[in-house]
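Engineer: To start, I am sharing the structure in question, which I have written as structure tokens.
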Amino acid sequence: MKLSIITPTYNRANMLGNLYNSIKKSLEQNEETKQNIQVQWIIIDDGSHDNTEEVVKQYISENKIEIQYHKQENQGKMSAINNMVQYANGDLVVECDSDDIFSDNAFYDILQAYDETKQRNDLYGLCFLKYDLKGNNIGNQFQKEETTMFDLYFKERRNRRKSNCIFCRCPKTISIQDRK
């Protein structure tokens with residue numbers, strides 16, 4: 001299975017290393033458990049003025065994972081995500097912000113959740129709760145294990161910090177770095 005991780009970024013060169021290292025570590029963890037997971041990391045730089053391009057070129061030169069870097073004039077996060085999806089060629093697409101990191105077993109958790117649900121034709125996507133580095137849930141727990149897009153956005157959303165989800169099984173897949 002191949003995961004396409006899409007990351008929009010803007011002036012966060014200093015944070016990308018944490019995400020890059022978490023991707024490598026989760027891949028190493030999967031190698032130990034003999035899971036067949038490949039990763040394609042697609043980064044769209046939304047007009048950064050810092051050294052994001054140089055930092056990403058360094059990661060590319062290490063040749064540890066497949067990385068695509070694209071730069072656009074500043075258009076905002078949603079535009080960057082929409083522009084990025086065209087480059088994704090994985091079986092699943094995972095959006096991960098440049099200031100987030102994956103847990104060590106994230107890709108295994110994603111693969112397991114996918115394997116459990118891939119035969120369902122009524123499922124839109126898999127999503128996971130976000131936790132800080134201390135293991136505290138950010139936002140609210142999901143009200144139900146499954147929901148619809150309408151209910152998620154208009155009925156269940158009690159605050160704007162809640163992770164968007166359709167289906168949740170693995171609660172500690174993505175961590176939010178402590179923001180200062």
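The values are calculated or read from the model by the stated rules, or taken from the named source; none is laboratory data. Not measured: the values here are computed from a predicted model. Note: ideal-geometry Cβ built from the backbone for every residue, glycine included; neighbour counts use all protein chains shown.
Engineer: List pairs: first residue in the stretch 64-83 and under 16 Å from residue 16 (Cβ atoms), second residue among the β-branched types (Val, Ile, Thr) and outside any strand (DSSP E or B) anywhere in the structure, Cβ distance under 8 angstrom, at least six positions apart or on different chains.
Structural biologist: So the pair list comes out as 65/23; 67/56; 67/60; 69/56; 69/60.
Engineer: Still on this structure, I have one more. Among residues belonging to the stretch 1-46 that are among the small types (Gly, Ala, Ser) and modelled with pLDDT of 95 or more, point out the one that is nearest to residue 90 (Cα to Cα).
Structural biologist: Step one: list which residues in the stretch 1-46 are among the small types (Gly, Ala, Ser), which gives 4, 13, 17, 22, 26.
Now drop any that are not modelled with pLDDT of 95 or more, which leaves 13, 17.
On the way: 13: 25, 17: 22 Å.
So the residue we want is 17.
Engineer: Taking residue 108 and the conditions (1) hydroxyl-bearing (Ser, Thr, Tyr); (2) within 14 Å of residue 9 (Cβ to Cβ); (3) crowded, with 19+ Cβ neighbours inside 10 Å, which numbered condition does it fall short on, given that it satisfies the others?
Structural biologist: (2)
Engineer: Of all residues being over 18 Å from residue 2 (Cα atoms), of a type in the set (Lys, Arg) and in a loop (DSSP other than H, G, I, E, B) in the stretch 92-146, which is modelled with the lowest pLDDT? Just the residue, please.
Structural biologist: The residue in question is 144.
Engineer: Quick one: how many residues across the stretch 65-84 are assigned to a helix (DSSP H, G or I) and more than 21 Å from residue 130 (Cβ to Cβ)? Full working, then the answer.
Structural biologist: Just the residues of the stretch 65-84 that are assigned to a helix (DSSP H, G or I), to begin with: 77-84.
Next cut, more than 21 Å from residue 130 (Cβ to Cβ) only: 79, 82-83.
Residues in the stretch 65-84 being assigned to a helix (DSSP H, G or I) and more than 21 Å from residue 130 (Cβ to Cβ): 3 in total.
Engineer: Just to be sure before I move on: is residue 4 part of a helix (DSSP H, G or I), surrounded by 17 or more Cβ atoms within 10 Å (Cβ to Cβ), within 15 Å of the chain's Cα centre (by Cα) and touching a residue at least 60 places away in the same chain (Cβ under 8 Å) in the structure I sent?
Structural biologist: Details: part of a helix (DSSP H, G or I): no; surrounded by 17 or more Cβ atoms within 10 Å (Cβ to Cβ): yes; within 15 Å of the chain's Cα centre (by Cα): yes; touching a residue at least 60 places away in the same chain (Cβ under 8 Å): yes.
No; evaluated as a whole, the condition is false for this residue.
Engineer: Same structure again: Are any residues in the stretch 19-45 without any contact (Cβ under 8 Å) to a residue 40 or more places away in the chain, surrounded by fewer than 21 Cβ atoms within 10 Å (Cβ to Cβ) and outside any helix (DSSP H, G or I), and if so, which ones?
Structural biologist: Scanning the stretch 19-45 gives 34, 36.
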